[in-house]
1. Quick check on the range 169-179. Is at least one of its residues under 19 Å from PRO104 (Cβ atoms) and in contact (Cβ under 8 Å) with a residue 40 or more places away in the chain?
2. Looking only at the range 156-179, how many residues end up being hydrophobic (A, V, I, L, M, F, W, C), farther than 18 Å from ILE3 by Cα, assigned to a helix (DSSP H, G or I) and under 17 Å from the mean Cα position of the chain (by Cα)?
3. Could you tell me whether the range 128-147 includes any residue that is more than 13 Å from VAL31 (Cβ to Cβ), of a type in the set (A, V, I, L, M, F, W, C) and surrounded by 15 or more Cβ atoms within 10 Å (Cβ to Cβ)?
4. Could you check ASP153 against (1) out of contact with any helix residue (DSSP H, G or I) (no Cβ under 8 Å at 6 or more places or on another chain); (2) of a type outside the set (S, T, N, Q); (3) at pLDDT 90 or above; (4) assigned to a helix (DSSP H, G or I) and say which number it fails?
5. Taking the residues in the range 86-103 that are of a type in the set (A, V, I, L, M, F, W, C) and in a strand (DSSP E or B) as candidates, determine which candidate is surrounded by the fewest Cβ atoms within 10 Å (Cβ to Cβ).
6. Of all residues being in a helix (DSSP H, G or I) and of a type in the set (Val, Ile, Thr) in the range 41-82, which is farthest from GLY151 (Cα to Cα)? Just the residue, please.
Amino acid sequence: MTIYDFTVTTSNGETRSLGDYAGRTLLIVNVASKCGLTPQYEELETLYRDAHDRGLDILGFPCNQFGGQEPGTDAEIQQFCSTQYNITFPIFRKIDVNGPAADPLFVYLRAQAPGDFGPSAGSLYEHIKAARPETIGTDEVKWNFTKFLVGRDGAVIRRYEPAIVPREIHADVQAELSR
């Protein structure tokens with residue numbers, strides 16, 4: 001099984017196969033509009049514009065499971081991304097990334113790259129340790145803006161925890177695009 005075996009739902013309710021992205025490098029991110037990490041949208045868009053023509057696609061999946069920081073409708077989320085950050089990469093339908101209603105894509109991503117979330121995440125680690133201690137040491141997505149890098153072959157390469165900003169993974173993305 002690879003990432004290309006999954007289907008996702010666009011913000012307007014259409015089903016899309018991730019097989020449409022076969023042969024491209026993907027960065028899959030759970031996003032939120034009202035989070036302290038929301039400014040990462042700007043760096044994600046910069047990375048997308050810089051590398052899209054060389055084979056990178058960024059796929060955003062809004063999620064409201066972390067502090068209620070994505071309360072809007074799919075239409076409101078699209079409007080926010082467009083007007084506040086001029087986002088041109090696709091933002092899909094709002095989903096759950098953890099728990100019994102977790103989207104199968106994120107169940108797969110979590111299993112393939114369980115993460116390495118610990119004290120090196122600084123104040124975010126301390127916040128999550130206090131707010132969601134049951135998630136420490138699990139494969140669950142810990143907060144908004146967790147990123148998964150997927151190679152051109154559909155294999156999950158690496159997970160980046162929320163505190164790692166897009167500019168910090170630029171070299172990994174470039175290396176994958178050069179393969």
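The values are calculated or read from the model by the stated rules, or taken from the named source; none is laboratory data. It should be emphasised that the depicted structure is a prediction, and the values quoted were computed from it without experimental measurement. No Cβ is skipped: glycine too gets one built from the backbone with ideal geometry, and neighbour counts run over all protein chains shown.
1. no
2. Selection size over the range 156-179: 1.
3. Within the range 128-147, one or more residues are more than 13 Å from VAL31 (Cβ to Cβ), of a type in the set (A, V, I, L, M, F, W, C) and surrounded by 15 or more Cβ atoms within 10 Å (Cβ to Cβ).
4. (4)
5. Only one residue tops the list, namely ALA102.
6. Going through the qualifying residues, I end up with ILE77.
Residue-by-condition table, conditions (1) out of contact with any helix residue (DSSP H, G or I) (no Cβ under 7 Å at 6 or more places or on another chain); (2) modelled with pLDDT of 95 or more; (3) basic (Lys, Arg); (4) in a helix (DSSP H, G or I):
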{"site": "GLY23", "(1), (2), (3), (4)": "yes, yes, no, no"}
{"site": "GLN84", "(1), (2), (3), (4)": "yes, yes, no, yes"}
{"site": "LEU105", "(1), (2), (3), (4)": "yes, yes, no, yes"}
{"site": "GLU134", "(1), (2), (3), (4)": "yes, no, no, yes"}
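Here is a yes/no grid of residues against (1) of a type in the set (Gly, Ala, Ser); (2) touching a Ser or Thr at 6+ places or on another chain (Cβ under 7 Å):
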{"site": "LEU109", "(1), (2)": "no, no"}
{"site": "PHE117", "(1), (2)": "no, no"}
{"site": "ALA121", "(1), (2)": "yes, no"}
{"site": "ILE136", "(1), (2)": "no, no"}
{"site": "LEU149", "(1), (2)": "no, no"}
{"site": "GLU161", "(1), (2)": "no, yes"}
{"site": "HIS170", "(1), (2)": "no, no"}
{"site": "GLN174", "(1), (2)": "no, no"}
